[in-house]
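The values are calculated or read from the model by the stated rules, or taken from the named source; none is laboratory data. None of these values were measured; they are calculated from a predicted model. With ideal geometry, Cβ positions are generated from the backbone for all residues, glycine too; neighbour counts draw on all protein chains shown. Accessible surface is based on the protein model in full, side chains and every heavy atom, while ligands, DNA and RNA are left aside. Shrake-Rupley method; radii C 1.70, N 1.55, O 1.52, S 1.80 Å.
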Amino acid sequence: MGIRHLIYSFTAVVCISANLAVAQDLFVDFETGSDANSGLSKETPWQHAPGDPNAGSKAGSYKLRAGDVVNFKGGSEYFGQIFVPAGGSETQPVTYRGNGWGKERAILSGAKELKTAFKPCASASDCYNNPNWKKLFKSSLEDDVNPFTPMFLSKERVWIAREPNQPDPFWFDDYEHYNVVGGDGAASVMGRDYITLGSGLDNTDESNWWNARIAVWMKPNLVLLTEVTGIDKTTGTIKFNPPGNDPYTDRESYYALFNRPSDVDQPGEYFIDNEAGQILIWPENPGAMANSRLYINELPAGFNINGQSNLVIEGFHIKHYFGDHDGWASGTAIINSEHPVRNITIRDNYIDHLRSVEGIGAIQLHKAQNVIVSNNTITNSQKSSGIRFGYSKDIIIRDNVIHKIGRTGIRLIETENIQVTGNTLSDILGVHGNGMSVYLKNKTILVAENMFDNVPFAFTYHGTGNIDEANSMWLLSNIFLGRVRSWGSQFGSMHFLHNMMLAEVEPGKSIQIPGEEPSTIIKNNIIDGLIVAPAPEDWVFSHNIYSGLSWLQSSKYGWSLEPGGDINKGIPDEVWGFFSKKQANVARGMGDNIYDLLPVDQFKAYDFSYWKEARPIGPRVITSP
């Protein structure tokens, strides 16, 4: 054998060996690990994971390879953020796992502990002349703190002082509980950068306003936060930095004040004075203040997928990320940059206590393909959306729980071939807090067997004005306890099949669709009122039961009950009774067979076999909220 042949053979063996590098289990324990360890066993874990900017030594230099699994120790709280440095292959993804080592989930946290030394207020003058000074504590702060960052005292949420107090301070933008300004005949008025209240301005000292913020409700239906720049007691005027929007002049408007020392008037509230470097707080448990620890949400994101494909993120408890950062990728648990990604699985994560400024999703991916988001819980996150996809295709969003968030639960913009099934969305009450929204260029969307509970706008959608760009959506066997609205703009080939729609906040108006929407089929639903004026000729109505009628459902406006339809105001109670008490099905008639209308070929991962036969009107399964 020649020397040249030996060299070629040796080179080929080396290349094959490199390509077949064995995937490894890697171990991370933030509390006891060291980046100088090998990271290859539970006994020698790293402190930081590959992709954490703070990772050093062997942890920082390790190159992830296809099939690697990065195991985080369960119950250990990891303070940091991860910019995923590499993905795997289609058959061997890289996995970040939070539930494979120990009985508990690993915790990924963006919190930061503030150095504090709380002392009781010595007098009213010692604590900004607050009349509750005997119940207050104060501490110096080393750095400036955004007053709106979520703050936790001994792991319990505390809230920025406000006026007026909200029934639930989580909903800081609940303007229905704000102060009223303007309206017909009112002496008060809101401008772009001021509110004049006249004698309605409180008589507190000017220093009470030095750190104040104001929330104003302005066009177009937005609650905007900005800094108070001063007051004029002569005219009763509050001046503020203009947020850039116009006030309403044809109706009442609303405002609330935040972060004034005088408004610390109940347990669990605080005030931040960044000029003096000080915090004032009324604790729920004064006796524990000597050993208390104060945390704020600090880092912008838990995982930044960073344009990497072939990746699994599973089993974590992700919390305490904040959106007060430059750029849009902040206040989120898992996000992708603008680089395209493929073959991503995000499953079985528990996500809470996020705070977004721009409504960023707790899970947000753009330019993604072949993604599964399943069995995640997203909850208690202010101003945050739940799951957002944009410019993406071939996505499955299933069996997630989204509860008590400030913005939209699931949002799709410019997507194709999306399956949204088996999700539960509840208590989404913030401004623009829709249950699910499908906007602009979207094609081939299946929304099936989801529950929307206590969501005033349960489902909203609109197109672009061009049905070639926005078409083909199926709402199948969902429960919408909230309004379903089309905002128009020509969304073509829309199917409402076997849903239950009850607008609890607007009885008799559960569905509202502009008459110009083309090719809409409404079959086998339970509907509390339908507003369509007039329905085009290509619409199909069949076998719907109406528990209420809208003002347009009258012969005066040309409406008549469709074939197989019925009016039964008591049917919602009967249906709940059927499912909760397992009674015989006496409540609902049989619907028309819909199998030929279903996108069986487009959604192979969803089982449509139940619908091969005609089924009772209304949803397949109803779980009482």
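Helix content alone sets the calculated 222 nm mean residue ellipticity of the chain: runs of n ≥ 4 DSSP H residues at -39500 (n - 2.57) each, divided across all residues, give -1500 deg cm²/dmol.
In order along the stretch 48-54, phi translates into HN-Hα couplings of 10, 8, x, x, 7, x, 8 Hz, rounded to whole numbers, per the Karplus curve 6.51 cos²θ - 1.76 cosθ + 1.60 with θ = phi - 60° and x for Gly and Pro. Given the alternatives [x] 1.15; [y] 1.10; [z] 1.05, Cα Rg over 2.2 N^0.38 Å as computed for this entry is given by [y].
Normalising by residue count, the stretch 424-510 has a Cα convex hull of 81 Å³ per residue.
When only the Cβ of Lys, Arg, Asp and Glu is charged (+1, +1, -1, -1), the dipole of the chain relative to its Cα centre reaches about 1380 debye.
Of all lysines in the structure, the ones whose alpha carbon falls short of 25 Å from that of K58, not counting any fewer than 8 places away in one chain, are K42, K73.
Annotation: amide H-H contacts under 5 Å for Y62 (H modelled 1.01 Å from N, sequence separation of 5 or more, or interchain): none.
Taking the inverse of the mean 1/r over every pair of distinct Cα atoms in the stretch 161-320 gives a Kirkwood hydrodynamic radius of 18.2 Å. Surface composition of the stretch 382-459: carbon plus sulfur atoms hold 44% of the accessible area, using a 1.4 angstrom probe and ignoring ligands, DNA and RNA. The share of accessible area on the stretch 188-250 that comes from carbon and sulfur is 46 percent, using a 1.4 angstrom probe.
Go from 0 up to the bin containing the longest alpha carbon distance in the stretch 227-338, width 5 Å each, and give me the % of pairs per bin. Over the stretch 227-338, the share of Cα pairs per 5 Å bin runs 2, 7, 11, 13, 14, 14, 13, 11, 8, 4, 1, 0, 0 percent. Take the chain with all the other protein chains still there, run a 1.4 Å probe, and you get 42 Å² of accessible area per residue. Using heavy atoms of the protein chains and a probe of 1.4 Å, the accessible area assigned to D263 is about 10 Å².
R97 contributes an accessible area of around 70 Å² to the protein surface, as traced by a 1.4 Å probe with all chains present.
Among the listed pairs K112/K134; K393/K569; K63/K441, a Cα-Cα separation exceeding 32 Å is found for K393/K569; K63/K441.
In this structure the amide hydrogen of I526, modeled in the peptide plane, comes within under 5 Å of the amide hydrogens of N499, M500, M501, I545, G618, none closer than 5 places in sequence on its chain. Does the stretch 277-333 classify as rounded, prolate or oblate by the C-alpha gyration tensor (a ≥ b ≥ c root eigenvalues; a/c under 1.5 gives rounded; else a/b over b/c gives prolate, otherwise oblate)? The shape class here is oblate. Tell me, which longest segment in the chain has none of the GluC sites (Glu not before Pro) that fall in DSSP loops with at most 16 further Cβ atoms within 10 Å? Maximal segment without exposed cleavage sites: 359-503.
Scanning residues 5 or more positions from E269 or on other chains, those with amide H under 5 Å from its amide H are W159, W282, with H placed 1.01 Å from N in the peptide plane. The share of accessible area on the stretch 35-140 that comes from carbon and sulfur is 48 percent, using a 1.4 angstrom probe.
Here the stretch 248-275 and the stretch 204-243 have alpha carbon centers that stand 9 Å from each other.
The separation of the stretch 26-76 from the stretch 353-368, counted between C-alpha centres, amounts to 27 Å.
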